């Protein structure tokens, strides 16, 4: 049977397993909806990326993009693997610190950092702050001066690269909120202002062109343009020694997804980033990769129960069958945000052919379609356990309490006995920060 088994998904007898655990047993024990994360798959993905990147260029740093999944338990595994972390808020910085990261392994991103976030980053002594705009230079300089600190910084560039991906996750084109444009001179102005600031030390330049990329083409173009820009200043400033190439390599959400081999991907990007420095006869820079989805995506699944099966007529003839599960928009908003496509499996009937088309929808007061045309067994029924694959990236990070639903629990498997890394929210916890104004009776 041709099932889309990614990560550690496997069929053992009549059971679908993940991280060596029966998915149905996990659903029975911990309830649904349920995020499940396989620590072994994650560690393997990290090691694979580290090996590929360092093979291409030994002076390479790898940082997990915390935005992909900032659960403290998952960040702590990343810390144990010896990689860095990049954060985009004070909350993500706090998660990294709670996970055990020392601040010399933390990079701070963000296109609209508050003074409080900059103050915290400087006070903690993070390895680098990635500056995104001109006003941030002045604010950060003032904070550093007040604390008597010299802060290492990078400047994020918008290199003018438009990748092949959904527009909502394209970030390297000229028309973007991120970084400073190379084409209109903003990047030069930003560089010169940082170099003139006494309390800032420019160590390099950064770019990120997009996400869920199937090959390195856009990343290669971005890396080359950033390095060409960097070389112009590195000739006269020894401190400039780092090129951040972002992340973006995709994963296998469906059978049609075929991301480039990570060894080839890293080699092509390294060649592009190092070429301008070689051509100028300058020392080769450190290359920084910031994968997120690539490291955590296939290490996660989400488990649901089917609540309602319903067939309805389609305009023009025929029928469509809906399966409503006990989750949806609140635990996975990505299909609504940018048409993300997923694969589903029926863990209750894993030995039956997955050859009948269903629309898998959520329980929310929206048309919250999780998968428009999922192939599942024709006998799929109310009460069956449904697995949506490749949900280790962004699902938990983007989860909400829409319709006042508590957020799911997160279970870690593949690391001994399954354990609860994030408790399921309770109804009481949904209201813990709310108050009602006292009503005073009129006389």
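The values are calculated or read from the model by the stated rules, or taken from the named source; none is laboratory data. Just so we're clear, the structure is a prediction, and the values are computed from it rather than from any experiment. Glycine also receives a Cβ, built like all others from the backbone with ideal geometry; neighbour counts cover every protein chain displayed.
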Problem - Test: residue in segment 342-357 that is over 23 Å from residue 18 (Cα atoms), in contact with a helix residue (DSSP H, G or I) (Cβ under 8 Å, 6 or more places away or on another chain) and either in contact (Cβ under 8 Å) with a residue 24 or more places away in the chain or assigned to a helix (DSSP H, G or I) (or both) - result: no
Practice task
Answer yes or no as to whether residue 291 is outside any helix (DSSP H, G or I), modelled with pLDDT of 95 or more and closer than 30 Å to residue 18 by Cβ.
Solution key: yes
Fill in the blank from the handout: Just one listed residue, out of 282, 249, is without any contact (Cβ under 8 Å) to a residue 60 or more places away in the chain, within 28 Å of residue 88 (Cβ to Cβ) and touching a helix residue (DSSP H, G or I) at 6+ places or on another chain (Cβ under 7 Å), and it is 249
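Please work out if residue 82 is over 27 Å from residue 187 (Cβ atoms) and under 19 Å from the mean Cα position of the chain (by Cα).
Considered against the rule, which asks whether it is over 27 Å from residue 187 (Cβ atoms) and under 19 Å from the mean Cα position of the chain (by Cα), residue 82 comes out as yes.
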Exercise for the section: May I ask you to verify whether residue 97 is assigned by TED's automatic domain parsing to the domain that holds residue 185 and either farther than 24 Å from residue 298 by Cα or surrounded by fewer than 17 Cβ atoms within 10 Å (Cβ to Cβ) (or both)? Expected result: no
Practice task
Determine whether residue 28 is modelled with pLDDT of 95 or more, buried (at least 22 other Cβ atoms within 10 Å of the Cβ) and closer than 19 Å to residue 413 by Cβ.
Solution key: no
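Could you list, in sequence order, the residues of segment 280-306 that are farther than 23 Å from residue 56 by Cα and over 15 Å from the mean Cα position of the chain (by Cα)?
Listed by number, the residues that qualify are 302, 303, 304, 305, 306.
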Completion exercise
Considering segment 213-249, residues that are buried (at least 20 other Cβ atoms within 10 Å of the Cβ) and in a loop (DSSP other than H, G, I, E, B), and then whichever is farthest from the chain's Cα centre (by Cα), we arrive at 240
Practice task
Please go through segment 103-118 and pick out each residue that is part of a loop (DSSP other than H, G, I, E, B) and surrounded by 13 or more Cβ atoms within 10 Å (Cβ to Cβ).
Solution key: 109, 110, 111, 113
Exercise for the section: From (1) in the same structural domain as residue 210 (by TED's automatic domain parsing); (2) surrounded by fewer than 15 Cβ atoms within 10 Å (Cβ to Cβ), pick out the condition that doesn't hold for residue 269. Expected result: (2)
Practice task
Could you tell me whether segment 425-437 includes any residue that is within 25 Å of residue 346 (Cα to Cα) and either in contact with a helix residue (DSSP H, G or I) (Cβ under 9 Å, 6 or more places away or on another chain) or surrounded by 15 or more Cβ atoms within 10 Å (Cβ to Cβ) (or both)?
Solution key: no
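Would you point out the residue of segment 310-341, among those that are in a strand (DSSP E or B) and within 25 Å of residue 404 (Cβ to Cβ), that is nearest to the chain's Cα centre (by Cα)?
The qualifying residue nearest to the chain's Cα centre (by Cα) is 325.
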